[in-house]
Structure formats: C-alpha cells, structure tokens
1. Return the residues of the range 206-237 that are hydrophobic (A, V, I, L, M, F, W, C) and within 15 Å of ligand 2 (Cβ to nearest atom); say none if nothing qualifies.
2. With the requirement that a residue be buried (at least 21 other Cβ atoms within 10 Å of the Cβ) and more than 6 Å from ligand 1 (Cβ to nearest atom), what does the range 65-76 give you?
3. For the range 44-64, which positions are away from ligand 1 (no atom under 11 Å from the Cβ) and in contact with a strand residue (DSSP E or B) (Cβ under 9 Å, 6 or more places away or on another chain)?
4. Count, please, the residues in the range 113-158 that happen to be part of a loop (DSSP other than H, G, I, E, B) and either aromatic (Phe, Trp, Tyr) or away from ligand 2 (no atom under 16 Å from the Cβ) (or both).
5. Would you confirm whether any residue within the range 378-385 is away from ligand 2 (no atom under 16 Å from the Cβ) and surrounded by fewer than 23 Cβ atoms within 10 Å (Cβ to Cβ)?
6. In the range 67-79, what count of residues is obtained for those that are assigned to a helix (DSSP H, G or I) and under 19 Å from residue 126 (Cβ atoms)?
7. Where residues in the range 360-369 are within 17 Å of the chain's Cα centre (by Cα) and assigned to a loop (DSSP other than H, G, I, E, B), which of them is nearest to ligand 2 (Cβ to nearest atom)?
Amino acid sequence: MAPPTEGRKSKPKGRPKNDTRSLKRKRDVDDLEKLQKAVEELDLKAEIKDFTDLPLSQTTASGLEASHFKTLTDIQSKALPLALKEKDILGAAKTGSGKTLAFLIPVLENLYRQKWTELDGLGALIISPTRELAIQIFEVLRKIGRYHTFSAGLVIGGRSLQEEKERLGRMNILVCTPGRMLQHMDQTAAFEVDHLQMLVLDEADRIMDMGFQASVDAIIEHLPKQRQTMLFSATQTKKVSDLARLSLRDPEYVSVHEAAATATPTTLQQYYVLTPLPDKLDTLYSFIKSNLKSKIIVFMSSGKQVRFVYESFRHLQPGIPLLHLHGRQKQTARLDITSKFSASKNSCIFATDVVARGLDFPAVDWVIQMDCPEDADTYIHRVGRTARYERAGKAVLFLDPSEEEGMLKRLEHKKVPIQRTKPREKKQQSVKNQLQNMCFQDPELKYLGQKAFVSYTRSVFVQKDKEVFKIDEYDLEGYAASMGLPGAPKIKFQKGDSAKTLKNTPRAALSSDEDSDVETGEKKPKKDEVRTKYDRMFERRNQDVLSGHYSKMIAEDDLDKDEDQQADADEDNDFLSVKRVLPVDEDKNSDDDEGVAAAGPAPKVIHGLGKEPLVIDSKRREKMLKSKKKLLKLKEKGTKLVFDEDGIPHQMYELEDEEAFRKQGPAEMQRAKFLEEEAARVREADLDDKQLAKQKKREKREKKKAREAAAKASIDDDEAPELVGLEVGEDPMDLLRSLPLPEDDEVEEKEERPAKRPKKWFEDDSEDEKKKAAKKKRRVIEAEDEPETLEDLEALAAGLLS
Ligand code: ADP
Ligand code: MG
C-alpha cells in the first residue's frame, strides 16, 4: 500500500525546531508507525462491525466511545476503510445513515497519522450548503474529536473578514459554507491552502443546486491537486457526477443503498393523502389535533406560507407547542428554534426547505409535506428528517388531485414506496370559518394570508415540472377562501421564471435589481408581474396602532418582491404579537423592528420562567389599543362586545332562542345566507383598504428610495456576498450566542484567543472519560465562562481537539 503522503505535498518542513516542539504534543512514534501499518494492511473485504475493529488512533477511539458510537452503519463500514486509506470517495447513502462520521473520522485520522499540528495550517476543508448543517457537522467534529489537538473552525460568513483572516491561518480543520470560503481564498493573502490534504463536500448535490457551483469550482482551483476528496450526498444528480469527474481522482463509488429496493429508509412509512387545495389547512389542522403527542415537521413551499400558518394556527391553540422556521429569520432565532425543536418531546414545526437537508433532529415522528415538493429528491430529503439511524418514522404528503398522478410517477421512478391513506372522517375538522373570522378581525393576518397566497401561487407557477404542477387545475379561489381571504388576489404571470433559478439566485442579486428583473447571469427572465389592485390592498394603512408595521411591511414588500420564491425567504415581522400583546417566539426579541421604532419605544421583553417571553409594547400603544375610538368603531358594527384576555374587544353574536331561529328557515339555508352576508361584509371592508392604497404607494416609493440609499452607504466588508439561505451581513456571533447556553448576554469580543477555555462542555461525559483524558496528559482547558463568541467556540474547538 502506498504511503499516505505519496504524491501529495506533505506538510511544510523546516520550521524552527523550538516552535514545533513547544506546540506539538509528543507522540509515540512507534504507535504511529503501527497505526499506519494497520491502515495499510486493513483488508477491504473484511467485515467491520465495530469502531474498535478499525485501525483508529486512541484519541479518535476515545472520542467515539465517549459519544456512544459503537457499531458502524452500512455507509460507514464501506466508506471508512477506503477513506482511511486516503482514497477519493463518492459516497451516496440514504438520509440518516451516518454519512457525517464516514468523513469526519478519516479527517481526524488522516491528519493525525501525518502528525499534523497547528503550525501545519489547513489540513482539511469541509464544505456544507447551509450554515445550520455546517454548525451541526462542527458539533459532531467537536464531539468525536474532543481528545485531539487539532484546531478547528467554522467559516460561515457574516463577520468581518479581517477578524476571520487572522484566525484562519491557525486552523487545521475548517467547516465552511462555499461563498465565504471563496472570499477568503481570494482575499486573504496569508491564508494558505497549499498543504491541504482533504476536501469534503457534504450534501454535494445541494451545494451544486444552490448555485454554489461556481464558488465550489473556484475553491477547488485554489486547492492543491494532490489531495483526498470526498463527496457525500443522499441523492446523486448529474451535477454531482460532473463535479466528481472534475474533482475526484480514481474515486471509489460507495453507494450502499443503490441496489436497495427503496430510496428511503426501510423504517420509514410513507403515505399520501389526497386533499384538494381548499381543504389543505383543514387537513393539516386535523392532523395536528390528532397527533398532539408527537414531534412533527411540516414542510411548506415558502416562508410566507410558514408564517401565515404559524400565526393563524397558534391562535387556534391546537394543544401542542408550535414553532416555525424559515430562511429570513435571524440566525440566532433559527438556531434557537432548531435547538428548541431538537430538545422537545412533542412539538410541531412549520418549516421551509431550509431544514430539508442534512439536519439531524432527534426522534421526529412525522414529516408532513403540506405543499408538494418540487421534485422527488426534495421529497426524499424532507422525509429524511425522520426515521434516522434505524429509528421508525412516518411521512405524509398532501397532494392536490391534480398533482397525484404526476408526483406518484416521479416518486415511483426514484423508488419511493408510498401508499394512499385517508384521514379519518371523524377526526376531520374545519378551521375555515375560524380563519375567515380571524382574517376579518385582523388585517395583519389577512395581509399575511394574502402574501402567503401569492407566494404559494407563484411557487406553483414557477415549478419546472409541469406534469406535476398544473396551475390551471388548482382551485385557487377556494384556497384563498379557506385561508379566510376575501377572494383570491389576482396574479398575472409572465413566462421565464424557474423555481430553482429564483430560489437559488443570490439574494444580493435579487434585491439589488431595482425593477425586479432577476439577474441570473445566463439570461434575464422577466419577473412575475404580481402588482395588482390586490397588492395595493395589502398596502392598506391601518387606522390604528399598526400603521408603523404597515409601513414596514410595505417597505419590505418591495424588497421581497423577487424573493417570494426563495424557499427560505421571509421577513420577520411580529405584528400579531404587537397588536395582541401575545407571547412571541424568541426570534422576535433579537429582531429590531422599524415599525416599532417608528411608532414608539422598542418593546420590552419579559422572560417568564420556562415560558415564552411576552412582548409589552409602549404604554401609548396599549392605551390606543383600548381607546374609545376603537370601541366606537367596533360598536357601530356590532351590538355587544366581549373582551379577551388582552383587553381587546370583539363582537359577540348573541344566541337567539331556538324557536325564533327555526322560524327563519332551515339551518343550512341560514348558514349559507350568513356566510354570504359575511363575505359581503368582508368585501366591503376591502374597499376601504383599496382607497388608502394610492396614497400608500407614493409613501412606499419614497421609503424604498431612502432605504436603498441607506443600504448602499452601509455596504462594507462585513456584508460579504452570501448566497441564498444565508443572511447577508448576519453576525455569526448571534448564531453562536444562540447555542445552548445559560445566558444570552452580550459579551465583548476578545482580541486574542483566550488561552484558558471552558471545561463545562464535557459535563455530559462520564467522570471516567475525564479522568482518562487527564491521564493521557492532554491539556486541560479551564475558563470561567461558557463560549459565547466565535473565538470562544473556535478556541474551544481547538481546546476540545486537544
Ligand atoms: P446522514 O448524514 O447520512 O443523513 P447523519 O450522519 O446525520 O446521517 O447521522 C444520522 C444519525 O445517526 C445521527 O443522529 C448520528 O448521531 C447517528 N449515527 C451515525 N452513525 C452512527 C453509529 N455508527 N451508531 C449510532 N448512531 C449513529
Ligand atoms: Mg448528512
């Protein structure tokens, strides 16, 4: 067997000996040689069951043991021996089958066997399509690499290049997202990648899908040709095989489930229900109501869908904690929500495809796809959030009758076993009337609903697969009604958009384009024309406390025009909570809100014990809310008012006595009449909205100009070009602060990486492990505080790996 460094530029030599000695842990040369020999002699045909059967360093072995990994998964037993022998690998295995360890163990081991030290610079680079996944990979690396001495870091964008630059030079292992990495390679002179030994691309097809292709190509350009490269994905696409051809040398194809009868885990039960668009929300609500003791992920096509369903359902109080996650939330919120969901036993999270890939939530019972996925691969990744690592799981796909035939064909083609099921009629309940009522009483909710409707409709329109998505066959009018909207917003479409183009175009490109033509680089497709009288209606200026929010929403509406399509695109307004002084979720705390700022002081956030914090807005606002004017307004329309917990008046329909009721005709007829009247009332209210639209439009244009000017002025180093799914200018500090820590206080970033670091991370380990570690004379890391900054985390990683 060839020696490990054959053909590769080995680590740099000729450094002053003192330096090296002071930083290098003294290793037992004999042991290393033995290990090297064992790897070379490892029989690829031998059946390897346990990690202890692999020729691994004691440090990695201890890390695995401490993390309770014992037996290998299929992909691990196939890929690990090859990867340890430093082969290039193209790995494909179902979701949840343990691909992460299949590349992390070799990363640690192959560097270890080469006696890599901090002075040797970057040894391994791991590229992930999303920040969340990068963080998750980093966490696993931290876990299993805890006894190693390598330094490891996350490069996921958002902070000042300069700060990162200084740190980068010291890192041995980096987990990154492509955009930011490339930027460093281009701009950071001192950042040496010349000695890189290993490159890993996790979720390779997703990386290519997200429009990172050019970045990845450019990154690879920078890297030494002689290296080990591993590509991993659950689904293989042409782009991945193209990439493999370009970047892999003599690759080993490790595809454990190729011959499998199904593309999805066998422990996964998959169903679909036929539910016409107008019944979708009812079906979803009924489903949730009958699975209150479960952990559920519900996938939707856009952030706006997610927000509407979240905001409306939580007011219906189904009796299970609801969460929501989409790409436009602040990173802090996103991570907070993902960790909340991870930790919860039963809860339901509404999400976009931002969580569809790679993320490993423990013990998810159900994956619901309320909106049909764009293709079978997306389906596979979504359902892959459950039934992970031999656990059972169930998935339900909601299909409109028009989607049934086409989608089933696609799934069958990809070997996805799915069967039809019917919701129990007894359990089926309708929320249509409640939604209608809520939308009527709550212009913000209506507004959100309208945006959700538009974004859903557009998402269907721009789908590539016209055999599945036939826009004319959906009952859109019925859908709008089911959301409680007074009629479907009319949307004019123009040809030329494609879902993926829009979805994957960098946001910078999207929002920088004034007249909303999407800049794709190849051609310039015309954007959907969605500005209609109904849109203007959305821009209604509310007469009460919400005007500030409206200004904001309308301002954002502009920004959002092109972004509706991004699966993870949505803004983070918290208008509902402001009006109703209801509990909000955490993301709202961190978020500044122009609207609030415009209308009064920032909301006070009160953290209750174990409860979601309450947002108390300015007193003035509260007063206004209960003002006489508002009462009068309501009184004109109703006869009697009831007050809810928050002191908000509602109209009450008094019950008639039964006889009088009967006299007026059959109940069904009365109901129809009532609904008709209500609909008319709603339409009437809409007319008022429209009158305000014109004036609003002008104001909005001015606002937009101002905002653009401001945005131009503020572009700087910090706001490095990030790609879709990654928030421009976000601070990864935020993200790190959101890691499970006792406190959320701001800490000053320290210039230097502190020498002493926390030990607390080890707390979940057995005392034994700690002792063992100490025995091995590993450096003990001590510090007073928990890691709260990127430096902390990096230092910690460095420490953990030491
Ligand atoms: P994939 O990347 O293939 O979707 P992951 O690497 O995220 O899968 O692993 C899925 C889950 O299985 C994780 O929770 C991980 O901790 C667990 N897992 C992976 N390998 C093993 C193993 N050998 N033994 C036990 N659990 C494992
Ligand atoms: Mg994975």
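1. 207, 230, 231, 232, 234
2. Listed by number, the residues that qualify are 66, 75.
3. none
4. So in the range 113-158, the residues part of a loop (DSSP other than H, G, I, E, B) come out as 114-117, 121-123, 128-130, 145-151, 156-158.
Next, from what is left, pick out any that are either aromatic (Phe, Trp, Tyr) or away from ligand 2 (no atom under 16 Å from the Cβ) (or both): 114-117, 121-123, 145-151, 156-158.
Summing the residues that are part of a loop (DSSP other than H, G, I, E, B) and either aromatic (Phe, Trp, Tyr) or away from ligand 2 (no atom under 16 Å from the Cβ) (or both) in the range 113-158 gives 17.
5. Going residue by residue through the range 378-385, those that are away from ligand 2 (no atom under 16 Å from the Cβ) are 379.
Among the residues that remain, those that are also surrounded by fewer than 23 Cβ atoms within 10 Å (Cβ to Cβ) are: none.
Checked against the condition, which is being away from ligand 2 (no atom under 16 Å from the Cβ) and surrounded by fewer than 23 Cβ atoms within 10 Å (Cβ to Cβ), the range 378-385 yields no hits at all.
6. Within the range 67-79, the first condition is being assigned to a helix (DSSP H, G or I), and the residues that meet it are 74-79.
In the following step, the residues that additionally are under 19 Å from residue 126 (Cβ atoms) were identified as 75-76, 79.
Matching residues across the range 67-79 total 3.
7. Just the residues of the range 360-369 that are within 17 Å of the chain's Cα centre (by Cα), to begin with: 360-362, 364, 367-369.
Applying the additional criterion that residues be assigned to a loop (DSSP other than H, G, I, E, B) yields 360-362, 364.
On the way: 360: 7, 361: 12, 362: 14, 364: 15 Å.
Only one residue fits best here, namely 360.
Matching residues to (1) surrounded by fewer than 16 Cβ atoms within 10 Å (Cβ to Cβ); (2) out of contact with any His (no Cβ under 9 Å at 6 or more places or on another chain):
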{"site": "334", "(1), (2)": "no, no"}
{"site": "343", "(1), (2)": "yes, yes"}
{"site": "349", "(1), (2)": "no, no"}
{"site": "393", "(1), (2)": "no, yes"}
{"site": "396", "(1), (2)": "no, yes"}
{"site": "441", "(1), (2)": "yes, no"}
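The values are calculated or read from the model by the stated rules, or taken from the named source; none is laboratory data. Computed from a predicted structure; not experimentally measured. Every residue, glycine as well, gets a Cβ built from its backbone with ideal geometry; the counts of neighbours run over all protein chains shown.
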